[in-house]
1. Using 0.36 nm per residue of separation minus the Cα-Cα distance, give me the extension gain between Asn172 and Arg316 in nm, one decimal.
2. Tell me what the chain gives for mean residue ellipticity at 222 nm when only DSSP H runs of n ≥ 4 count, each as -39,500 (n - 2.57), the sum divided by the residue total, rounded to 500 deg cm²/dmol.
3. So, R0 is 30 Å and r is the distance between the beta-carbons of Gln306 and Val241; what FRET efficiency does that work out to, to 0.05?
4. Could you tell me how many degrees, from 0 to 90 and to the nearest 10, lie between the Cα long axis of helix 292-302 and the main elongation axis, the longest principal axis, of the Cα atoms of the chain?
5. With label points built 7 Å along Cα→Cβ from the Cα atoms of Glu165 and Asp191, find their separation and express it in nm.
6. Within the chain, which is the longest segment containing none of the trypsin sites (Lys or Arg not before Pro) that sit in a DSSP loop and have at most 16 other Cβ atoms within 10 Å?
7. Can you give the charge dipole size of the chain about its Cα centre, rounded to the nearest 20 debye, using +1 on the beta carbon of Lys and Arg and -1 on the beta carbon of Asp and Glu?
8. Using DSSP to call loops (not H, G, I, E or B), can you name the GluC sites (Glu not before Pro) in the range 164-265 whose Cβ has at most 11 other Cβ atoms within 10 angstrom?
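What follows is calculated from the coordinates using simple rules that are stated; it is not laboratory data. Everything quoted here is computed from the prediction, not taken from an experiment. Cβ coordinates were reconstructed from backbone atoms using ideal geometry, including for glycine residues, and neighbour counts include every protein chain displayed.
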Amino acid sequence: MKKLSTILAAGVLAAPVAAHAQSDECGEVSITEMNWASAQVVTSVASFIMEQGYGCDVSVVSSDTIPAVTSVAENGEPDIVTELWLNSTGDTYDELRDAGKVVEAGDVLDPGGVEGWWIPTYLAEEHPELKTIEGILENPELVDARFHNCPEGWGCRVVSDNLAEALDLEGNGIEVFNSGSGQVLATSMADAVLEEEPWFGYYWGPTVPLGKYDMTKVDLGEVKDDVHARNQNADTDNPGVSDFPAAPIVTATTASFQEENPQVFALMENMTFKTDNMSKVLAWKDENNASAEEAAVYYLTNFQDQWSNWLDDSARENLKSVLQDS
């Protein structure tokens, strides 16, 4: 998409290419850009579509989860908060939603934030029994008798420590290796996959490694909400076995924005990225040392069959001049 690349890859949102009948209705819109890669891509994609499809004048607000929610509570802005991880908001978001100050537009990632214990797919294909935790416990040598754990201070470290205790990994001959950093954890996966060696450990998505490497999630059994809640407590005296539930990640807007911009709110309701596709976009971004805007171009170019369904007929018409070169 030549025109799209020119507009987005430059790092600025140009004036809308087409004449927009809706521009007066939309007006100024503020949207968060959280300080991690997937959120930055989401914001770049959303901003482009709002500008070029709906005639909005978009301002991007750099933020993080708690500051963004606090700003909405205290100032009624920004208008749109996207990639909001609900497991990180505490009670504040629920209170704002229950009070009618924010409206949940929908899930921005499907099925959400993915966590779990993984093995390389080539290992799963060679030894299908390793797709379940029971198979791994019975064959520790096939995963090099090692579990690559999260670094100290990460929330997943607490959960994985409790799971390791409940499953008695070490009693079953599997060493728990506590990674010293996120880089160490990612590198251990990369090194193993590139050499087609065994690897068994925790990871999450959307992330670069899960987009770059073909990994299979180990079945830890059913998700048990009460057990997972216990496992999130470092001081629990009763850890249990539960798989990781997908973390809900949503887009929310202020109530006034929903009322004043129903067409753009409908866009936010429809704007859902597949988690595995976002991991692929992040892998492309990393491999090409690309900016968030360039990654947005990559997504808009390669996943048009998905995002075009987010738009109403008028927005599709407005975007024709951009899309005709695709």
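1. Details: separation 144, 0.36 × 144 = 51.84 nm, distance 5.73 nm.
Once the chain is fully extended between Asn172 and Arg316, it gains 46.1 nm.
2. My calculation for the chain gives -12500 deg cm²/dmol from helical runs alone.
3. With R0 = 30 Å, the Cβ-Cβ based efficiency is 0.30.
4. Value to nearest ten degrees: 90.
5. Those two pseudo-labels are separated by 2.9 nm.
6. 102-223
7. In total the dipole reaches around 940 debye.
8. Values: sites: Glu165, Glu170, Glu175, Glu195, Glu196, Glu222, Glu259, Glu260; in loops: Glu195, Glu196, Glu222.
Taking the range 164-265 and a limit of 11 other Cβ atoms within 10 Å, the loop GluC sites (Glu not before Pro) found are Glu195, Glu196, Glu222.
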